[in-house]
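Below is one structure, written out as structure tokens; comments come after it.
The values are calculated or read from the model by the stated rules, or taken from the named source; none is laboratory data. It should be emphasised that the depicted structure is a prediction, and the values quoted were computed from it without experimental measurement. Cβ sites come from the backbone with ideal geometry, for glycine too, and all protein chains shown count toward neighbours. For accessibility, only protein heavy atoms count, side chains too; no ligands or nucleic acids. Shrake-Rupley method; radii C 1.70, N 1.55, O 1.52, S 1.80 Å.
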Amino acid sequence: WQIFGAIGFLEFWSELSVSGNKHYMRGGKPGDYPDFVSGPEGIPHPVPFSLYDPFKLSKNMSEEKKESRLRAEINNGRLAMIGILGFLSEQTTAGSVPALTGIVQPYSGEPMAPFTTNVLGAPFGL
């Protein structure tokens with residue numbers, strides 16, 4: 001549940017329209033998260049790092065280089081999703097991904113509802 005809480009917070013934070021950062025449906029840039037700033041415009045306690053550049057290494061970088069790195073980051077995320085779906089496919093249907101045959105253990109549960117029977121829900125019949 002901690003992962004779901006963290007994802008929920010990040011989704012909530014990305015939907016905010018703070019000064020200097022517009023929502024992507026209102027003319028902002030897709031994938032641009034608001035920075036974690038302290039004070040009345042941000043989080044009520046200090047957060048030392050931002051998500052994309054925690055150590056401020058890109059402050060002197062050109063806009064073209066930032067754009068190419070953003071594109072590379074988006075493509076890496078897409079490739080990771082394709083890889084996860086490849087593993088899921090091989091687990092549920094043996095032989096569907098020939099490169100993973102014999103490497104991945106089969107999964108006999110429901111892949112799209114992994115929490116149908118879990119430790120937290122078992123005492124309550126969930």
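Tabulated data
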{"item": "Single condition Phe49 does not satisfy, out of (1) under 21 Å from the mean Cα position of the chain (by Cα); (2) at pLDDT below 70", "result": "(2)"}
{"item": "Within segment 90-113, tally of residues that are open to solvent by 50 Å² or more (accessible area, probe 1.4 Å) and not charged (D, E, K, R)", "result": "15"}
{"item": "Members of segment 52-81 that are open to solvent by 90 Å² or more (accessible area, probe 1.4 Å), within 19 Å of Lys29 (Cα to Cα) and modelled with pLDDT of 80 or more", "result": "Lys59, Glu63, Glu64, Lys65, Arg69, Arg71, Glu73, Asn76, Arg78"}
{"item": "Residue ID - modelled with the highest pLDDT, chosen from residues in segment 1-28 that are loosely packed, with under 10 Cβ neighbours inside 10 Å and assigned to a loop (DSSP other than H, G, I, E, B)", "result": "Gly27"}
